[in-house]
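Quick notes on the structure that follows.
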Protein chains: 2
Amino acid sequence: MSGPTVRDVAEAAQVSLATVDRVLNNRGGVSAKVVDRVRAAVARTGYVRNLAAANLSRRRVYRFCFVVPSGDTGFVALLHEALAREQQRLMEEQVLVQVVPTKAFDVEDQVAALRNLDCDAVAVMASEAPEINEEIASLHASGVRVISLVADLPSSGRDAYVGPDNVMAGRTAGEFMGRFIRDQGDVLMIAGSLAARDHSERLLGFRMVMQERFGGCTLLPAAQGGDNAGRVEQIVLEAARDRRLAGIYAIGAGNRGLVRAVRTLDPKPITIVHELTPTSREALRSGTFDLVIDQDILSGVIAAVKIMRDLTEATTPPADAGRIKLNIYSRENIQ
Amino acid sequence: MSGPTVRDVAEAAQVSLATVDRVLNNRGGVSAKVVDRVRAAVARTGYVRNLAAANLSRRRVYRFCFVVPSGDTGFVALLHEALAREQQRLMEEQVLVQVVPTKAFDVEDQVAALRNLDCDAVAVMASEAPEINEEIASLHASGVRVISLVADLPSSGRDAYVGPDNVMAGRTAGEFMGRFIRDQGDVLMIAGSLAARDHSERLLGFRMVMQERFGGCTLLPAAQGGDNAGRVEQIVLEAARDRRLAGIYAIGAGNRGLVRAVRTLDPKPITIVHELTPTSREALRSGTFDLVIDQDILSGVIAAVKIMRDLTEATTPPADAGRIKLNIYSRENIQ
DNA sequence: AGAAGGTTGATTGACGTACCTCAGAATTTG
DNA sequence: CAAATTCTGAGGTACGTCAATCAACCTTCT
């Protein structure tokens, strides 16, 4: 009841199983004429190799690494949690996932982590730095497939990017910010680091929409909070000292500091942040945050593994496979 | 190189392969003591089932039916498309999916469709009617597992519900409606049919939020458009004749009529609808609609199949397996 | 003691592919 | 035309699991 097998192809091509096998796995020793006949039969019957059976037979085990910042709070914690959950499920499919934690914003540490990896493919979440790009390039040159996760590294020569469209994420934030702010006012934007591609792209998108469609708002210069709660809190309190903030767009992490700061402000600015974490969920519920734009990192991890498998099999993954969806949460639709 | 197999477990537990198999696939007929010993051996050896081998060997074929309204536009069209796409993928997992189209809102036709189904489990999308509930109960009595899809049928005795939390969907619509409407005004709500559980629940949630938090808005009596574009258009034009509409919440289908009507209104009311279809997508992009609340029906279909498989295997599916997420789309985050 | 029922072991044949060997056929080469 | 070479067929084993059968054992109860 499930598709045609090598047997059907052999029959259709009027050759033996051995010959079909030789053609399919290009073992050579088959005349050009017969190769064509087999290829035609494959096309005609619609045969597709049963990867599961193939891997079973050859005892292939995929070995993938995730090189991601460590951290026990916020988004990275969710990422590690998602990885841990998937790890179990993936073992059933003969996929071994190794997680290599790095220090966030520490280029040297991240480069070191990328060295001496022993696996078929790597997923990297890192900021943009020439050293990292170089290391990825050399990994790639040595036959390891590399994908960038969450934040893209386009000039590294990575094979694929798995993550959201961050410009779109910023534009979306901008749209809701503009609509939620009833009158005009000052809007504060806080990124973690502008060297992180995801942050700078979000900022770009946010700025575009605010300028195009909500000209009444004034954008303050973008601040960098280093994904650090204390710094973020300080930035907000400082900005609010001599002006009324109508809105705050927090692009990176450090939301616990943001919550503390916003709770001291009256009137409360419209506050839009990224990533649905326990902190942001609670802040949404209590009305401190107005909107959370989330990337479903579990689906990101799943997509990453799928793409890494495709890449190591040398089959081109579908074009939109790496694009993960943006989820928008307000206080009414968090579960 | 790949992990331990059943053989290793058998050896570790000092039992035969047959017994390990009996425990792993809970076939019964094993004493509690031995079950424990095998379980311990599984934990000790770190055995994980090889899914590829399992699927390869399994010859059980699951036969599932989807009894859903026919239609070549709007949400139901997306549903059929999702079913068609999944059907292909599922064949590889020995799942046969049969789609039985019914006439929307035609109780007699739907009851007839439910009769004489020959399968292991059924997913039903239908309005609430005593006849349908009865038919489902009798199906259930004859050993067929039944789940309700998109719209719940709680009093039918169905085994599970797969769909969004529609009260939450309505509350979410209410929240954004309240925030988007800058001044006070009249809000029109158009359902398809209040007999459809999803519609009445959305209405309930919307009303609750508007009354609780946005008292400035006046809710007009809920209209029923029968999921029909012409009727919906007529309802809007009529309501807008002698008053200014500040907002429209369209709960069901018929969005093409809504687009036509809203384009004639000035000032344009804030318009929030359900389901991301080609029509609503285009209306979002052009600014006719302000927000679309979408249930990702493909993930719904996937969840439905998974639950049906669990049910026919007599393993209880996880509690939240049937809950499908609500996606919120504005003009900036449609791809 | 004998029957009945519950438990366990031993064994077998799929599933679809990979990979190997050996023999025989077809073709080319000297 | 015989020898060397290339091509093709037939058949086997293995991968890890599922699913089934049959035989043997152990209790327990009458």
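When the residues of segment A:114-143 are filtered to those that are under 21 Å from residue A:313 (Cβ atoms) and among the acidic types (Asp, Glu), the one that is surrounded by the fewest Cβ atoms within 10 Å (Cβ to Cβ) is A:118. Among the residues of segment B:4-35, just one is near DNA strand D (Cβ under 8 Å from one of its atoms), in contact with a Lys or Arg (Cβ under 9 Å, 6 or more places away or on another chain) and more than 22 Å from residue A:93 (Cβ to Cβ), namely B:17.
As a summary of the residue check, residue A:170 satisfies the conditions (1) over 30 Å from residue B:180 (Cα atoms); (2) out of contact with any Cys (no Cβ under 7 Å at 6 or more places or on another chain) except for the one numbered (1).
Here A:38, A:99, A:61 are screened, and the one residue that is of a type in the set (Val, Ile, Thr), within 16 Å of DNA strand D (Cβ to nearest atom) and within 30 Å of residue A:126 (Cβ to Cβ) is A:61. Within segment B:46-58, the set of residues being near DNA strand D (Cβ under 6 Å from one of its atoms), farther than 23 Å from residue B:147 by Cβ and either under 31 Å from the mean Cα position of the chain (by Cα) or crowded, with 16+ Cβ neighbours inside 10 Å (or both) comprises B:49, B:50, B:53, B:54, B:56. From the list B:145, B:179, B:158, the lone residue that is at negative phi and within 14 Å of chain A (Cβ to nearest Cβ) is B:179. Pairs meeting the criteria (first residue in segment A:46-61 and more than 8 Å from every other protein chain (Cβ to nearest Cβ) and without any contact (Cβ under 8 Å) to a residue 60 or more places away in the chain, second residue among the hydrophobic types (A, V, I, L, M, F, W, C) and within 12 Å of DNA strand D (Cβ to nearest atom), beta carbons under 6 Å, at least 6 apart or on different chains) are A:47/A:9.
Entry remark, segment B:1-37: residues being within 9 Å of DNA strand C (Cβ to nearest atom) and assigned to a helix (DSSP H, G or I) number 14 in total. Got a sec? Which of B:300, B:257, B:322 is modelled with pLDDT under 95 and either touching a Gly at 6+ places or on another chain (Cβ under 8 Å) or over 22 Å from residue A:177 (Cβ atoms) (or both)? When all the criteria are applied, what remains is B:322.
With respect to residue A:246, determine if the residue is modelled with pLDDT of 95 or more, under 17 Å from residue A:328 (Cα atoms) and in contact with a strand residue (DSSP E or B) (Cβ under 9 Å, 6 or more places away or on another chain). No, not satisfied. How about segment B:20-45: which of its residues are surrounded by 13 or more Cβ atoms within 10 Å (Cβ to Cβ) and either within 29 Å of the chain's Cα centre (by Cα) or within 14 Å of chain A (Cβ to nearest Cβ) (or both)? Within segment B:20-45, B:24, B:42, B:45 meet the criteria.
Of all the criteria given as (1) within 11 Å of chain B (Cβ to nearest Cβ); (2) of a type outside the set (A, V, I, L, M); (3) more than 11 Å from DNA strand C (Cβ to nearest atom), the one not satisfied by residue A:85 is (1). Taking segment B:48-65 as the range and being more than 21 Å from residue B:97 (Cα to Cα), within 16 Å of DNA strand C (Cβ to nearest atom) and outside any helix (DSSP H, G or I) as the test, the residues that pass are B:49, B:50. Restricting segment A:289-330 to residues that are over 20 Å from the mean Cα position of the chain (by Cα) and buried (at least 21 other Cβ atoms within 10 Å of the Cβ) leaves a set whose member that is farthest from the other protein chains (Cβ to nearest Cβ) is A:289. For residue B:251, are the conditions met, namely being buried (at least 21 other Cβ atoms within 10 Å of the Cβ), aliphatic (A, V, I, L, M), more than 26 Å from the chain's Cα centre (by Cα) and on the phi < 0 side of the Ramachandran plot? In short, no. Here residue A:98 meets the list (1) farther than 22 Å from residue A:152 by Cβ; (2) within 14 Å of chain B (Cβ to nearest Cβ); (3) surrounded by fewer than 19 Cβ atoms within 10 Å (Cβ to Cβ) almost entirely, failing just condition (2). Only one entry in A:278, A:267 is outside the structural domain of residue A:158 (by TED's automatic domain parsing), closer than 27 Å to residue A:97 by Cβ and out of contact with any Asp or Glu (no Cβ under 9 Å at 6 or more places or on another chain), namely A:278.
The values are calculated or read from the model by the stated rules, or taken from the named source; none is laboratory data. Please read these numbers as outputs of a predicted model, since none were measured by experiment. We place every Cβ from the backbone using ideal geometry, glycine too, and count neighbours over all the protein chains shown.
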